[in-house]
Structure formats: C-alpha cells, structure tokens
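Working notes, beginning with the structure itself.
The values are calculated or read from the model by the stated rules, or taken from the named source; none is laboratory data. Model, not experiment: these values are computed from the prediction. Counting neighbours? That spans all protein chains shown, and the Cβs are built from the backbone with ideal geometry, glycine included.
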Amino acid sequence: MAEENSASAKGFVDSTVHMDVKEYYGKVLKNTADLKSNACVAPAKPTPAFIRQALKKVHPDVTARYYGCGLVVPECLEGCRILDLGSGSGRDCYMLSQLVGEKGHITGIDMTEDQLDIARTYVDYHMKEFGYKKPNVSFVQGHIEALTEAGLEKSSFDIIISNCVVNLSPDKKRVLAEAYSVLKDGGELYFSDVYSSRRLTDEIKNHKVLWGECLGGALWWKDLLQLAEEVGFSPPRLVTASIITVDNKELQEVLGNFKFVSATYRLFKVPKGNGKPCQVIYNGGITGVEDNFQFDCQNTFKVDEVVEVDGEVATILTHSRFAGDFTFQPLGGPRESCGVKPKALWILSSWSISWGNKVQVQPQGDAAAHSLFPAANDEAVDAPPYSQRPLFIGRLCRLSRGHQGRHELAHKPAFASHQCRTRSGNEQVPMHKSRQPSAEMKADSDWL
C-alpha cells in the first residue's frame, strides 16, 4: 500500500493501512454477513458453557458488529485488569467484564470511531445487566502501536487480549513491544490472529479487501516466533488453530496457493533463561477448568496429577498469575529419568492421514498425546523444544506410502510415563508428560 501518512491524536502517524482499515470496519462492514471469508468469524474450538452464558448478556447491536477470529478467554481472570487490543464494538470487553467481576477492570482500545461509538453507547446497559454499581469497562480511542501515547500506563495490566486485530497493523513488532511495555511482570498476551503458510506477496499485502478481511496482513507463523523473542516475550505457546476458508472466487485467484489458519497463542512477560524442569500438581479450582486445565496444545493438567514440565513452562507457571494454582516440587524419585529430563526420541508409528480435498489427521493410541514436527526421514530424531515445533500440520515429515491413497505416520516417544515419588517419598504415583488433546486436526493437503 502507499506510504502516505496523516497525523492523528497525540503524535501517532496514521499510515494508509490505518486509514483503509478504519474505512473498511467503520463504513464498509455493517455486520458479519458483509465479510467475504471466515477469517474473522471462525471459532477455533467449542465455546464453554459459562462463556456462552456471558455472551448471551451482551447486547445484540454489539454482537452484530463483532469480527473476531477465535476465542480470547484465558483462564484465572477474577479481579484482573485486562486490555483488549482493537476492541471494536466491545463484545469481548463486555463478556470479560462478567468474568473478572466487579473488582476487575476491562479497557478496550480501538482507532475506529464508529466501532467505539457502539461500544460506549451500551456501557450503562451492560453494567445494569450485570448488576454492577459502577462500570468496570472503559474504552479509549488510540492505536495498538501506541498504547502509552493513548494514555495507558506501563506495567499496569495483568492480561492483554486481542481478537483478529494484530494482522491489521502494518508494524506488528511495535504492537508486541507496546503490549510488553504495559503488561505487569508475569503478565500475559493471549491473542487470536491469522497466520499464513509463508510470507505473503506484495500483491496480497497491497489488496485492500484482503487486508480488511485479516488475510493481507497475516504473518508467516515463523515470523511471530522471531518478533516475540526480539521484544522480550517468552516463546509463543500455541493454544489452538483452525483452517480458514475463502469462498469468494475473485479473492481465491489473488491468494493462489497461500493457506491461512486462525490460531490462538499465549506469550508471557517472565524472566528469560535459567528455568529448570520440575514436577507440578494442578490444585484445581480455576473457573471453567476446575478438573482439567488445557494450558496449551502441548500441556494439559489434571487435578492432583503429578506432571513433569520443562524449564520454559516451569518459569511461566511460577512467575505468572497461575503460581497459586499449582504445587511445585523439584524433580526426584527412585529413577534418574525422573530427576533428569529424558532425551525424547521420536519414531514413526500410528498417525493416519486420510486424503481428499482436506487432510484429516487422526492420532491413534499413545501418539494422541504428542505433537508432530519436521523430520528428514523415517528414523528416530531428537524432538525440538515444544515452543519451536511448527504450527502447521503441513510440515510434518516424509510420508510412507500406504494403500488406497492412505498414508501412515506418527511420532511415538521412547517414554510415555514414569513412576515417581510424591513429596512424602513413599507413595508411588504415575507421573505423566503433559499431553496434547486427541481431537482431530485438519489441514489442506497442499500444505503437505
């Protein structure tokens, strides 16, 4: 897009991209029916009942102007101060208002006046609906690349969320840097956004409609990993992802073989390095995940189950708002494998891939508990750190030809579980590796 700029409030300079986005979301789109792809409306996983109940209390006019691409509801929210980047009509803000409670607070920031007008119109309506004596929601006009210029204080938020908005910014590194700045130590950036199979062409990036549809500004997923590291965040941890479809033939021709996913990541502002593996026990009690807490696609914690986590996860859990929800203990036990994290050797076994217009990957047996990553051949390979494993199913490993168009592949670890001592040193209990959900994963066959 052209490099024309215009001055805006408090010194931030609007690019042509910003002006086009304002036009698209303020004037062109009137409701979700005007969208030309499912990038801005595709939930990545089923909505929990308590969130559905909260969404029912949001005014229909606010919901009608919602253009999110995922479910941005992290856990353990009571009493938190949350910032919503690109809050739009305020749907997520009003939903989260109920989850943080009257003692918590939600701030929404958006640059589009038309969207903010809708959000602000219904503040009193929602506070009355929720039974709050005073508002715990406020809205600020400003840019997500200039949070402090908009009047937001540094180190003032526990959590930052964003729902299909970061892709709309022409300077994504600055967005991440500003988010890092206003987060408290131990805070989290939890956001859904659109990612591409590779870096986009100039033709796609300069297409106004594709940019407005959250596709033209999509990051290559590997670039997110690099930008997060440069800013200071912990390595991004994938929560969930789903394929995006484009039914508009004209846009399909421009996009060609590029593929897109809507993915939710969590990034933390925690100390870097020196993290040591340890054993953790989920104490339970977090609203909505009382018995089973899926932290990300690699780590699921069950109440009272002893789980060994790597140093990266241990650092996050001990330095974030989750610290009080876990019991921590050093590695130990009668076997060395419990005291020293074993070297993961992965071999092909029982993943099955069915071919068609879409690829369906169904984990079988023990393979359901573990992630896939690139491998040069069918031999056992060292597993990279969880955070460095690729998002997309398309970069898995060399496939072994099966019968009738089917391919069989899998990664099965040389270890599955261990027997380790509890803190008492007496009772033997199973100690499991954190597990990935066994839900079916789907990806377009062109990615393979």
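Okay, here's what the table says:
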quantity: Hey, TYR66 touching a Lys or Arg at 6+ places or on another chain (Cβ under 9 Å), at pLDDT below 95 and in the same structural domain as HIS126 (by TED's automatic domain parsing) or not; calculated: yes
quantity: Test: residue in the range 98-105 that is in contact with a Cys (Cβ under 6 Å, 6 or more places away or on another chain) and in a strand (DSSP E or B); calculated: no
quantity: Candidates TYR122, TYR180 - the one that is farther than 26 Å from VAL58 by Cα, modelled with pLDDT of 95 or more, of a type in the set (Ser, Thr, Tyr) and in contact with a helix residue (DSSP H, G or I) (Cβ under 7 Å, 6 or more places away or on another chain); calculated: TYR180
quantity: The range 276-318: number of residues that are among the polar types (S, T, N, Q), over 15 Å from CYS76 (Cβ atoms) and in contact with a strand residue (DSSP E or B) (Cβ under 6 Å, 6 or more places away or on another chain); calculated: 2
quantity: Filter pass, ALA179 being within 23 Å of the chain's Cα centre (by Cα) and under 30 Å from LEU210 (Cβ atoms); calculated: yes
quantity: For VAL140: the one exception among (1) surrounded by fewer than 18 Cβ atoms within 10 Å (Cβ to Cβ); (2) closer than 19 Å to PRO60 by Cα; (3) within 28 Å of the chain's Cα centre (by Cα); calculated: (2)
quantity: Extreme residue, surrounded by the most Cβ atoms within 10 Å (Cβ to Cβ), among residues of the range 57-90 that are out of contact with any His (no Cβ under 9 Å at 6 or more places or on another chain) and in a helix (DSSP H, G or I); calculated: THR63
quantity: Counted residues, the range 208-253 - those being basic (Lys, Arg) and within 14 Å of the chain's Cα centre (by Cα); calculated: 1
quantity: Residue in the range 211-218 that is closer than 29 Å to VAL313 by Cβ and either touching a strand residue (DSSP E or B) at 6+ places or on another chain (Cβ under 7 Å) or free of Cβ contacts under 8 Å to residues at least 12 places away in the same chain (or both) present; calculated: yes
quantity: Qualifying residue in the range 264-280 (condition: surrounded by fewer than 22 Cβ atoms within 10 Å (Cβ to Cβ), of a type in the set (S, T, N, Q), assigned by TED's automatic domain parsing to the domain that holds ASN163 and assigned to a strand (DSSP E or B)); calculated: no
quantity: Residues (surrounded by fewer than 20 Cβ atoms within 10 Å (Cβ to Cβ) and either in a loop (DSSP other than H, G, I, E, B) or of a type in the set (Phe, Trp, Tyr) (or both)) located in the range 304-320; calculated: ASP304, GLU305, ASP310
quantity: Selection status of GLY324, outside the structural domain of PHE157 (by TED's automatic domain parsing), part of a loop (DSSP other than H, G, I, E, B) and either under 18 Å from GLY186 (Cα atoms) or in contact with a helix residue (DSSP H, G or I) (Cβ under 8 Å, 6 or more places away or on another chain) (or both); calculated: no
quantity: Condition met for THR121 (among the polar types (S, T, N, Q) and within 25 Å of the chain's Cα centre (by Cα)); calculated: no
quantity: Strands (runs of 3 or more DSSP E) enclosed by the range 130-249 - at least 1 residues per element that are in contact with a Gly (Cβ under 6 Å, 6 or more places away or on another chain) and closer than 18 Å to PHE260 by Cα; calculated: 157-163, 183-196
